[in-house]
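Report on the following structure.
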Amino acid sequence: VITDDELGALLHAFFSEQECSYIALSGSYAKSAEAPTKVTYRPVKMRQAVQWQASEQRGNKVYHRNIAPAELAEDLQTLLAAHFKQAVLFGNRNDLHVMHSRKGGYTFLRKPPSRSLMIAEHNRPKEYLLPTGEPIDFLIKLKVMRPTGELHSNKSDKFRQINRFLEIVDDTLGNFSAHQELNIIDFGCGKAYLSFALYYYLTKIKGFTVSILGLDLKADVIAFCNQLAQELDYKGLHFAVGDINSCANPCSRVDMVVCLHACDTATDAALERAVRWQARVILAVPCCQHELYSKIESQPLETLLRHGVLRERFAALATDAARAELLEMMGYKCQVMEFIDLEHTPKNLLLRAIRQQGNSTQRQKLAANRYRAFAKGLSITPDLERRFAQELTSLGGTPP
Ligand SMILES: C[S@@+](CC[C@H](N)C(=O)[O-])C[C@H]1O[C@@H](n2cnc3c(N)ncnc32)[C@H](O)[C@@H]1O
């Protein structure tokens, strides 16, 4: 049996001697609804350094806190002393099991490293930005996850999609300062899995302050989303009924616009709004690009265009190529990337555009010229071109 002080020394020694990948506190003594019934800690990479994230289950809610590595031992010891019978620390050299006796004092055991062995023996499952196995409140409410943290059997694709989206967002965060509030708009948010995921990831895992607005035509869906944001106490996440084509800018500075799976030219409306509001980052996953299907004409491509299926796919690709070029023309650096594998959804291309700082007129003119040649070759005037017609004329130089 060891004392509190000896336990402190034991924990400090454990953390300094080896890498720890996970900690779980269990066997709650909880009597009140506010007391934690389960706590886990895991390391997360924040913007500048690794922090530990504690997930505390209290009643049917899960709360998160970020803890500096130097404060981990004390945090863990305080919670163990107050509420739990046992803590297990999973290290790469050994696992440390600490048992807390209510009569006072602690006992401990070292066991072979179960988690790191598991990782070495099996192919490590893909590390998602949102952890699996830990309850995440909004995913539980949206019926992607069970209260235990397991995924519902038919929701693993949704979970993968959400995580892939967050990875892409994560890659753009270098464009923002660590201390600024991020203003984000989700156009055509629907049931808003992605707005909730963005909110959760940016505030609870990355430590940003955010203001997110989800916009959709459907009043019932918006009412549901607002109700859920309130239940989850997600301050700074709001939803409004509105049409992308006619909505007014809700904030003085827009940092990020996302628009996923808004059908056909709704994506173009979102891209135009984002550009006119000078959003620093635009992420769009277009879908149902029907607009050009019946309009494309090109003698050299006749062999391809005479087959309906090929014409349809080509029209969708041409629409997205035109969008990417027009975004470049408007001063953005635009990448077209895979969103998720084709086997999971046919809607798998994502346009990622970052507004360039400084003078980019020369690059914009080149994009305008490339665009003109492309549109002329296919005899198309897509929706987004019509929206940026004035800029195309002023930047376009001599039409080819
Ligand atoms: C296929 S859902 C996608 C929902 C969500 N973004 C996602 O990826 O899970 C498309 C949503 O866009 C909305 N939408 C389509 N056109 C719109 C417009 N002009 N203004 C606002 N919302 C629109 C629809 O109501 C629908 O909820």
Residues of segment 21-69 satisfying the condition of being farther than 29 Å from A178 by Cβ and not in a strand (DSSP E or B): Y29, A30, K31, S32, A33, E34, A35, P36, T37, G59, N60
Conditions (1) touching a Ser or Thr at 6+ places or on another chain (Cβ under 9 Å); (2) outside any strand (DSSP E or B): number failed by L72: (1)
Answer residue from segment 274-312, given it is under 19 Å from C334 (Cα atoms) and open to solvent by 80 Å² or more (accessible area, probe 1.4 Å) and is farthest from the ligand (Cβ to nearest atom) among those: Q278
Residue match in segment 320-337 (condition: in contact with a strand residue (DSSP E or B) (Cβ under 7 Å, 6 or more places away or on another chain), in a loop (DSSP other than H, G, I, E, B) and surrounded by fewer than 20 Cβ atoms within 10 Å (Cβ to Cβ)): no
Selection within segment 215-273 - within 12 Å of the ligand (Cβ to nearest atom), open to solvent by 30 Å² or more (accessible area, probe 1.4 Å) and of a type in the set (S, T, Y): S246, T265
Index of the failed condition, R47 passing every other in (1) more than 22 Å from L129 (Cα to Cα); (2) modelled with pLDDT under 85; (3) of a type in the set (K, R): (1)
Selection within segment 176-214 - out of contact with any His (no Cβ under 8 Å at 6 or more places or on another chain), more than 16 Å from the ligand (Cβ to nearest atom) and not polar (S, T, N, Q): F176, A178, H179, E181, L182, L202, K206, G207, F208, V210
Residues of segment 135-184 satisfying the condition of being surrounded by 19 or more Cβ atoms within 10 Å (Cβ to Cβ) and touching a Gly at 6+ places or on another chain (Cβ under 8 Å): P135, I136, G149
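The values are calculated or read from the model by the stated rules, or taken from the named source; none is laboratory data. Model, not experiment: these values are computed from the prediction. Because the Cβ atoms are built from the backbone with ideal geometry, glycine has one as well, and the counts that use them run over all protein chains shown. What goes into the accessible areas is simple: the full protein's heavy atoms, side chains included, and nothing from ligands, DNA or RNA. Shrake-Rupley method; radii C 1.70, N 1.55, O 1.52, S 1.80 Å.
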